[in-house]
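Trainee: After the structure tokens below, expect a handful of questions from me.
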Amino acid sequence: MKPVERDSQLVALAQSGDHQAFAELVRRYRALVFRLAVSILGREFIPEAEDVAQEVFLKVHYAIKSFRGEAEFSSWIYRITFNQAVNLKARVRFRSPHEDETVLQLAVAAEPGPDRRAETAQRDQALAECIQTLPEVYQSALRLYYWLDAGVAEVAELLDVPENTAKSYLHRARHLLLAMLKEKGHSCD
């Protein structure tokens, strides 16, 4: 396969059975697909996110011949990833087989007093519950931005929305969380 720069060219080659073209599409999108899956499922579910990414590329492989190019390939694969991750999340409803990252942070942090630890744990639990009630797209935006350190431009790219829309998702999500936490009696210092 000669060097190809555009996704549309790679898709056309993959549709005609070129395995190297498909491998290049996988190489280009595997990290982004994985990051999007993690943003939906949460960092404590990395093995599940890896499974989602694998399933996405299997689906893409089997469905690439039916891809008509009405949307960008990136939009198509992000939509498949989003749906796959949301479906897994709904199916499993987080059996929580893995420890949350806050457990690791608490293990290495300086020991606060028992009152402060209890207060922090209650606030963290309330925050986690509030995040779970947000629309999936807000949850993903928050996780990408705060947990995976993605910039606003990368959040926009991963969610396949304009940058201003990504900013709006983050803004709305933060305001909703603040209101919900205040309603539950937690200060937001």
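Each reported figure results from applying straightforward, stated rules to the coordinates on display, with no laboratory input. Everything quoted here is computed from the prediction, not taken from an experiment. As a convention, Cβ positions derive from the backbone with ideal geometry for all residues, glycine included, and neighbour counts pool all protein chains shown.
Trainee: Roughly how many whole Å is it from the C-alpha centroid of the stretch 48-73 to that of the stretch 151-189?
Mentor: 28
Trainee: Between ASN83 and SER16, what is the label-point separation in nm under the 7 Å Cα-to-beta-carbon projection?
Mentor: Rounded to a tenth, the inter-label distance reads 2.8 nm.
Trainee: Order of 34-44, 78-88, 11-21 by packing, highest average Cβ count within 10 Å first?
Mentor: Peptide ranking by packing, descending: 34-44, 78-88, 11-21.
Trainee: What's the magnitude of the charge dipole for the stretch 7-92 around its Cα centre, counting Lys and Arg as +1 and Asp and Glu as -1 at the beta-carbon? Answer in Debye, nearest 20.
Mentor: Numbers: 11 positive and 10 negative charges, 26 e Å.
That gives the stretch 7-92 a dipole magnitude of about 120 debye.
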